[in-house]
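Visitor: Take this structure first; my questions come after.
Derivation of every value follows stated rules applied to the coordinates shown; laboratory data play no part. Worth saying up front: this structure is predicted, and the values here are computed from it rather than measured. Backbone-built Cβ (ideal geometry, glycine too); neighbour counts: all protein chains shown.
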Amino acid sequence: MNGRALIVDDEADIRELLSLTLNRMGLATDAAESEFEARRLLQKQQYDVCLTDMRLPDGDGLALLEHTARFWPRMPVAVITAYGSAENAVAALKAGAFDYLSKPVQVSQLRALVNAALKLSDGNAARAGGDAPAGGGPAVHSLLGESVPMRQTRALIDRLARSQAPIHVSGESGCGKELAAKLIHQKSVRHERPFVPVNCGAIPENLVESEFFGYRKGAFTGADGERGGFFQAADGGTLFLDEVAELPLLMQVKLLRAIQEKRVRKVGATQEEAVDVRVISATHKDLADEVKAGRFRQDLYYRLNVIELKMPSLRDMPEDIGLLAQEFLKRRGAQDGTRVPALSAAAVRALEDYPFPGNVRELENVLERALALCAGNEIGRDDLQLKPAAVEAPDIRGLPLEDYLATIEKQAIVEALEKTRYNRTAAAKILGISFRQLRYRMERLGIE
């Protein structure tokens, strides 16, 4: 392995440990014990990666990070933080650090970090818009659209792919949060490792810990063998936690520790094991509101929401609707091996005027229905059946709160079912809940 690293730390034993480890990896190293000396070395020599302590005699790692971001923006910089100093780590990641290490430095984590940083420095991972396979799977389709919101979203995804910072993807249901997470993974140095998506709302509460961290044989009834969890499956890659707001509070505590310490303990085990996982989370809920309501831990919120990626809704970019619709029809034709009808000008205008509360997911559903109804070579306005029913607000006078909420919930479910022609899987997606949750709520509310 070729390359050169700059090590900045005022503790001689730390400098020696880092230098020795990196030398064994085949890297040449230079060491500095102050910010001033580090800046002097940066002026004289080009480096492929920089490791800096957060506390220096004449400054701090954040100041050096800002300096390198200005003059050497392509050089990955990782910071070394004191044990348990989560605030410093978050501050560094927000300031643009590639990643962080906690003291005492674990050699295995150091090697993994440096290997990833060198890949980034070589430009092997931050590809501009390619559709390389993610985690050995099929290529991920790009986010289409030429509107300002979509161009800004794609540009931010490219920048986020160069970091290891936790990302929270926010936005309404159906706006492509998982696709955005896949693209970040695909363009990152982790693209050769697994992308593991998890729907947090679909896991029974009593199984959450074992599903996330795995279990040892005999840990509980039915544990006939040892098994890894989501963290082990995503080791070296990306763990996408969809609907993270649905996690129980007790599990939120354990997830926070796993992210901070980069170590997990299987259910029934006495020893922890190191994991190298980048976490991307998402939810259609407002996490800040969930924190205020006491349903989501504030410390986990700050840990997950280091950088926020807000996905635009379809009504924020109506000029992209025609392009998205044409692309969907093109892909559908390629999948079926048939020639699909084209959209008439009137149909395109109708789509652009429709608010699409279900976003891209609803657009695809509308087009699926139109394909089934269309008898000719062109999809007309009537084939789309874009006639949102007027919603009459229920009369809540004298109605107990629980009954009122049940009425609202039943109305939303029925509307989603009617919109999807009673396809419960599609209706659950529009509602932003799992199929299992929809089935339970339908039974509870007496919906046939």
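Visitor: If eta is 1.002 mPa s and T is 20 °C, what Stokes-Einstein diffusion coefficient results for region 135-291, Kirkwood Rh from Cα pairs, in µm²/s?
Guide: 129
Visitor: Determine the alpha carbon to alpha carbon distance for each of Lys94/Lys266; Lys292/Lys419; Lys187/Lys429; Lys182/Lys285; Lys103/Lys217 and list only those over 23 Å.
Guide: Result: Lys94/Lys266; Lys292/Lys419; Lys187/Lys429; Lys103/Lys217 exceed 23 Å.
Visitor: So if each residue of separation counts as 0.36 nm, and I subtract the Cα-Cα distance between Ser147 and Arg421, what length gain in nm does that give?
Guide: 95.5 nm
Visitor: Mind pulling the per residue volume of the convex hull built on the Cα atoms of region 314-384? Å³ is fine.
Guide: 75
Visitor: Rounded to the nearest 5, what is the percent of antiparallel bridges among the DSSP beta bridges in the chain?
Guide: Counting only bridges with both partners in the chain, antiparallel ones make up about 15 percent.
Visitor: Right, next: Relative to the longest principal Cα axis of the chain, at what angle does helix 321-336 sit, 0 to 90 degrees, rounded to 10?
Guide: Roughly 90 degrees between the two axes.
Visitor: For the ranges 259-268, 8-17, what's the packing order if you count other beta-carbon atoms within 10 Å of each residue, average per peptide, and put the highest first?
Guide: The densest-packed peptide leads the list: 259-268, 8-17.
Visitor: Next up: Taking the DSSP beta bridges in region 39-121 as the whole, what percent of them are antiparallel, to the nearest 5?
Guide: In region 39-121, DSSP labels about 20 percent of beta bridges as antiparallel.
Visitor: Then there is this: So what's the convex hull volume per residue for the Cα atoms of region 401-445, in Å³?
Guide: 59
Visitor: Taking the Cα atoms of region 218-368, what is the range of coordinates along each of the three principal axes, in descending order and whole Å?
Guide: That gives 65, 41, 28 Å along the principal axes, largest extent first.
Visitor: Anyone know which of Gly222, Gly380, Gly145 comes out most mobile in the 10 Å Cα GNM of the chain?
Guide: The residue that fluctuates most here is Gly222.
Visitor: Additional query: What residue among Thr420, Thr221, Thr153 shows peak mean-square fluctuation when the chain is described by a Gaussian network model with Cα springs under 10 Å?
Guide: Looking only at Thr420, Thr221, Thr153, the largest GNM fluctuation is found for Thr221.
Visitor: Show me the three semi-axes of the equivalent ellipsoid for the chain, from the C-alpha gyration tensor (sqrt of 5 times each eigenvalue), largest first, rounded to whole Å.
Guide: Semi-axes (√(5λ), whole Å): 45, 27, 20.
Visitor: Let me ask something else about it. Given region 4-122, what whole percent of its Cα pairs are spread farther than 26 Å?
Guide: The answer is 7 percent, as a whole percent.
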